[in-house]
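The values are calculated or read from the model by the stated rules, or taken from the named source; none is laboratory data. Computed from a predicted structure; not experimentally measured. For neighbour counting, all protein chains shown are included, and Cβ atoms are generated from backbone atoms with ideal geometry for every residue, glycine included. Each accessible area value is taken on the protein alone, full model and side chains, heavy atoms only, with ligands, DNA and RNA left out. Shrake-Rupley method; radii C 1.70, N 1.55, O 1.52, S 1.80 Å.
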Amino acid sequence: MTQPEPKYIASDGPVNRRTASRKLREAPALNPLAGARLAAAQARNRLGPALVDQVRAGSAPARRAALPALAIVGAIAATVAAVVLFLGWLQSSLLLGLGGLAGVVIGLGLAWQAQRRQDAAASPVHIPAALIGDSALQALDQVLEQLGPELPEAVVERLTALKDLIVRIARLGNQAGIDENFTMEDRLYVNECVRRYLPDTLQSYLQVPREQRSSTALEGGRNASDMLLSQLELLRVELADRESRLARNAAEGLVKQQRFLQAKVRR
């Protein structure tokens, strides 16, 4: 029995002669400037989202005061009277027109009087100033963005923990006042830590030449990287202490309420 002819053709030459002479184009080399910018952006992303964005994301929206019931009634009455006034104009009815006009005036007057009484009776609300201002947070974010590519991984991890601590303190401090738990000195320290202490620490480290940061011994036999980690740890300990003080400050109202309720219990 004869074997069937194969349905494929084997050849050492190119299958498609039309494109055989074309050479594969090599991928263009990445622009060095673009590559440096990409590496810098990736390094900055190691530090996480911006501080100011994290603090704003956790702030509570402002609450609106409810409209008085009399103001709502007056607004409804004015709306109905306006419809009557329009019908009077369509039907050329003097009676409907006068009635609608009087209703609009009375309804708007009731709404205005109710709102005026509410504004007069409302007590001024004390809104505490932000513990850390947006300008200080934005300035620190800019420093971290600029220095991110220069920092080793161990420093990045320590700074990420510090950022989380600063965000928690900023959110908690926006609702806190000044008392024996969290004093004015504590408030000033938190502000100065964000505004000066942390940025100055990073800038001082980067003034040391890169090739000497891990090899050259400085004070106490430690190199620049070791000293930076030590200073960041000092700042973390101090800020963690302020966070616990803020927590006690926030719980003071609950403690006072507990004492009040216990004093009212009949013996």
For region 217-229, check the following and say yes or no: at least one residue is modelled with pLDDT under 90, of a type in the set (S, T, Y) and surrounded by 15 or more Cβ atoms within 10 Å (Cβ to Cβ). yes
In region 53-79, which residue that is modelled with pLDDT under 75 and open to solvent by 90 Å² or more (accessible area, probe 1.4 Å) is nearest to L137 (Cα to Cα)? P61
Would you be able to say whether some residue in region 82-102 is closer than 30 Å to L147 by Cβ, open to solvent by less than 60 Å² (accessible area, probe 1.4 Å) and modelled with pLDDT of 75 or more? no
Consider R195 carefully, then state whether it is part of a helix (DSSP H, G or I), under 30 Å from A130 (Cα atoms), open to solvent by 80 Å² or more (accessible area, probe 1.4 Å) and of a type outside the set (D, E). yes
Give the number of residues within region 207-216 that are crowded, with 16+ Cβ neighbours inside 10 Å and either touching a strand residue (DSSP E or B) at 6+ places or on another chain (Cβ under 8 Å) or of a type outside the set (D, E, K, R) (or both). 1
Just wondering, is there one or more residues in region 164-177 that are modelled with pLDDT of 80 or more and of a type in the set (G, A, S)? yes
